[in-house]
Structure formats: structure tokens, C-alpha cells
1. Could you pull out every one of the strands (runs of 3 or more DSSP E) wholly within the range A:1-114 that has 1 or more residues that are within 10 Å of chain B (Cβ to nearest Cβ)?
2. Checking the conditions here, which among B:Arg202, B:Arg195 is in contact (Cβ under 8 Å) with a residue 24 or more places away in the chain, under 30 Å from A:Arg47 (Cβ atoms) and in contact with a Gly (Cβ under 7 Å, 6 or more places away or on another chain)?
3. Please count how many residues of the range B:287-308 are among the small types (Gly, Ala, Ser) and more than 9 Å from chain A (Cβ to nearest Cβ).
4. Would you confirm, using the coordinates I've provided, whether A:Gly14 is touching a residue at least 12 places away in the same chain (Cβ under 8 Å) and surrounded by fewer than 18 Cβ atoms within 10 Å (Cβ to Cβ)?
5. Just wondering, is there one or more residues in the range B:291-304 that are among the β-branched types (Val, Ile, Thr), modelled with pLDDT of 95 or more and within 21 Å of B:Gly37 (Cβ to Cβ)?
6. Working only within the range B:314-348, note down all residues that are at the interface with chain A (Cβ under 7 Å from one of its Cβ atoms), out of contact with any strand residue (DSSP E or B) (no Cβ under 6 Å at 6 or more places or on another chain) and surrounded by fewer than 23 Cβ atoms within 10 Å (Cβ to Cβ).
7. Is it true that B:Ala32 is within 12 Å of chain A (Cβ to nearest Cβ) and crowded, with 20+ Cβ neighbours inside 10 Å?
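The values are calculated or read from the model by the stated rules, or taken from the named source; none is laboratory data. As the structure is a computational prediction, the values presented were derived from the model and not from experiment. So basically every Cβ, Gly included, is an ideal-geometry build from the backbone, and we count neighbours across all protein chains shown.
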Amino acid sequence: MDPDLPGWLAALPGVAAVAQRAQALWVEAPALDPPAMARAMAERGIRLAAITAIPQSPDGETTILYHYVTPALSINVRTRTRNNHLPSIAALARPASWSEREIRDLFGVEFDGHPNPVPLLRPAGFAAGMLRAAMCGPTAPVQSPTARTTP
Amino acid sequence: MAYTFPLGPYHPALEEPFKINVRLNGEVIESATIDVGFSFRGIEALAQRRNWIEVVTLIERVCGICSNVHTTTFCLAAEAIAGIEIPPRAAAIRTIIYELERLHSHLLWAGLGAEDIGFHSLFMEVFTLRERVMDTLEAISGNRVNYGMNCIGGVLHDIPDPAAHLPVLDVLEVALARAVVPVFTRDRTVLARTRGVGLLTREQALEWAVVGPVARASGLDLDVRKDAPYLAYAALGFKSVCQPQGDVQARIVVRALEMLESTRLLREALRSLPAGPLRATAGLPHIPAGEATMRTEAPRGEVFYYVASEGGGGPSRVKIRTPSFVNIPAIEPMLTGQPLANLSIIQASVDPCLSCTDR
């Protein structure tokens, strides 16, 4: 790992903390400026691999994790939506386009400034956020590993 | 006069349902847009309702071709959260299944690619070879697809007689080296339909963030097996295959040469299979609260998982980003300026997996 990388990440606008666990860096950035991050990552040649959304409540905010990768390392930048909105980075990082469209379909997060905010996975007749209520917080497994009974 | 032509979502040229809307001027494609989502099953939502044993079975259904890739990556992520180090024999067996799956996936692609350019005899030759790989997977796991090999902490099935599978590798290596690779790289019919077709430059590959053989065929030497070795790859001395041309032909060459590297890896892994247990843990897995990301190199490229646990009976979040999810959008720049007749082989050259993409 580039020894300068944690310090460089800590200096990004809105970043509060950087920690290393296993082969990954975890960046906590509640006040993240996503376009500034996307521009900085692109300038350094760090690739966006994926974006994960974790809804916190049916009508509340959503945790967003931007997963960047170098050849040998994952960099996970965690932030939160503001009124379930965030600035889009799709115009700055092409792989963000489909990820942001999918997150809007499933969780209703609005990525402001997305160049083509049309449904990706959502069938006609379903509203944005179609799985938000179903995927909020931890869900009890339908059946525990020890709950089976022998007939 | 410009007009629009829709390919799909159901079409003989497509392995699975997706739609390419191309705007044409005469026979030349001016632009293209892609629609997916026809196979959406909500697997990430279902994963939050399964326990740590059942979810492995569910994850195996993300893809019908690279099913083992998904369970391997998911199990590695869960093991990273729990700090479980799997035994060397389990790591070697996972590697063997992983490379057998790559062989059958690449051979599937080679057959369908041959069919897409009307080379029916090559399709039959390639699919005959693929049957040998499928037979080997069935002999080891009992299944031709969805092998059920992985569990959190190791593997469920042993390979008691690894030497028994070496002769198949000899057959594959000879057929690949003497027939499949030469035909795909030197035959005039294949070259006429693939050389200079569907270009994706190195700069475009970086811009669209493609992965796997699509990236390596555009000169980007990205391969998780080399860059961040997992399972037994570091010990086996993996060598990545890279081509600079960025056309359909380069994607074919990368996959063809990767098949030869896979047979070499398989031979090494089978000959050096270490002794020892198959699982690091006994009984039910306990995954404490935590989170992990994991990357492995699927046949179509880097697959990325984010798994979170709150210490309960099952995962609290599973995020799956498959290689096709980032490779399929790059079909759009490949198509610009191409004749309509090349649409079929260009989209096929990405080896798009829609079951993976839609999940």
C-alpha cells in the first residue's frame, strides 16, 4: 500500500477518519463532497468498483458506501444521504451511473445531477424505492440454522 | 435517414435477456443504449432473510455459469469478518473448482461466439470439449452446475483422487493448443469477422472501468489473481494474459490463452493438493458483528462483494457487483461506427451475463 494514501484520503473534503482493516481502508465521511472525492480519485487513478446503499429506516436517511479499488487494495468511503439526496458522481465516474440508477430504483435515493436518471432494474409500474422497506436494517432470518425439525 | 433498431430483449444472438437499442444511419451504428433488468430477482433482499448456511445456497443462484465464483467470494468475505482461515486443502480445492468453472465458462463463450459468426462446426468442437469439463465438475461435486462445494470455513466435498482428473487436462490442452486456439487466432473467416471490430481503446477501458478479459484485451493488465492473490494462486505462480489491440479478436485471444493457463494451474493444483482437513470450523458458523469487502477474478472479471453482519443468524447486508455490471455498459462505445452486422459478435465479445447483472 502507498504509505501516503491514508493521509491523502483523510485530507479529502468531509472525511472524518481513516482506518485500515485487513486488506481495506475504511473512510468515515459523514459530510463527504462526493464530486470532489470522485475528481480526486480519478486524478490519482483509483477506480470506482461499486456503490452500496444501506437504508436506515423506511422514510429516513441512507448510508452510502463508495467502494474504490487500487490493484491490491479496497478503499471504502462511507457517508450518509441528506434528505435522501446526494450529488451524483455519474458524470465524473462512468461506473457510478448504473449504480446510482439501481440505488434509486431499490431505495429511492435521489442522486442530483445524474445525466440519465431513468430506471435500471425497476419494472414499469413500480415506484422508486421499491425494496426500501424490505431491506431496512437487520432482518431476522426466516429460519434459524437450528430451527429445523425432523419430520 | 437515421432510424432505430432494437435487438432483444429476447433474440437468438443473446444468451440471456437484455436489450440494445441502436440508432443507425443506413447500415452504420451511430449510437446505442442498453436496457437491463429483465432477470431481476432481488437476491440481495432475499439474502437478508436467510441464515448463514442457507444464504450460501441462495448466493450460488446469482449466476448459472459462474455459480462457484459467487459462493467463494461470499464465503471469503464472511470468513474475513469472522477471522476464519480456511485449511490449505480447502483453499486448493476451491482454486481447482474456480479454474474448472473458468474453463467451462470460456468454452461456453467460445462456442456461442463461434455460433454468432456462423461457424457451426467450431461451435460443436468447442462444446464437445466443454462437456469434458462439465463431466469433471460432476465427478468432483455431483453437479454440472451449482456445485454446492463451498461452506463458510472450507469446502463440503473432497477430491480423494486428484490424479484421476489429470488425463482430461491432457485432452483439453491438446485440443485447445492444436485446434481451438489456432482456429480462433488464424482462421480467415474468424479474423474477417473479429479483427478491428468493436474497438475499446485503453483510454476508453479506463474511462468505462471495465474488468476481466475485456480490460486485458484493451491493454489493462488487471487480474485479482495477480494483483491481490487469494486462495492458492500465489503458490501456483499465476500469469495473466494481456493484449493491446482492444478489438473482438483480442478478447478472443485473451480468453483462449487464459484457458491454457487454467489447465496449467489445474495440473499444478491437482499434483500438489495438500493433505489436511476440509473445514476450519465444525458445526454452525458464527459470524460476529463486522463488515468486509472481497474481490475475486471470475471468468468475466473482478467480482466484488460487500458483506455486513450484526452478529445475528444471517447477514444484515450483502452487496454484489458482478463483472458484467461494469462491462455491459462499455458495449455502447464499442458499437459506435460499426456496421449493424457486427452488433451480434460485438455484444457477445463482452461475454455478458444478465443473470449476474440483474441479480
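1. Working: elements: A:17-21, A:24-28, A:47-55, A:62-70, A:73-80, A:85-87, A:110-112.
Fully inside the range A:1-114 and qualifying: A:17-21, A:24-28, A:47-55, A:62-70, A:73-80.
2. Values: B:Arg195 fails: in contact with a Gly (Cβ under 7 Å, 6 or more places away or on another chain).
That would be B:Arg202, the only listed residue that is in contact (Cβ under 8 Å) with a residue 24 or more places away in the chain, under 30 Å from A:Arg47 (Cβ atoms) and in contact with a Gly (Cβ under 7 Å, 6 or more places away or on another chain).
3. The first filter runs over the range B:287-308 and keeps only residues among the small types (Gly, Ala, Ser), leaving B:289-290, B:292, B:298, B:301, B:308.
Then keep just the ones that are more than 9 Å from chain A (Cβ to nearest Cβ); that gives B:289, B:298, B:301.
Final tally of qualifying residues: 3.
4. yes
5. yes
6. We begin by selecting, within the range B:314-348, every residue at the interface with chain A (Cβ under 7 Å from one of its Cβ atoms); these are B:314, B:316-317, B:319, B:321, B:325-326, B:329.
Now drop any that are not out of contact with any strand residue (DSSP E or B) (no Cβ under 6 Å at 6 or more places or on another chain), which leaves B:314, B:325-326, B:329.
B:Pro329, the sole residue that qualifies.
7. Working: within 12 Å of chain A (Cβ to nearest Cβ): no; crowded, with 20+ Cβ neighbours inside 10 Å: yes.
No; evaluated as a whole, the condition is false for this residue.
So that you can scan it fast, the table gives a plain yes or no per residue for (1) part of a loop (DSSP other than H, G, I, E, B); (2) surrounded by fewer than 20 Cβ atoms within 10 Å (Cβ to Cβ); (3) within 14 Å of chain A (Cβ to nearest Cβ):
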| position | (1), (2), (3) |
| --- | --- |
| B:Gly64 | yes, yes, no |
| B:Ile84 | yes, yes, yes |
| B:Ile93 | no, no, no |
| B:Leu108 | no, yes, no |
| B:Ser121 | no, yes, no |
| B:Glu125 | no, yes, no |
| B:Thr128 | no, yes, no |
| B:Met134 | no, yes, no |
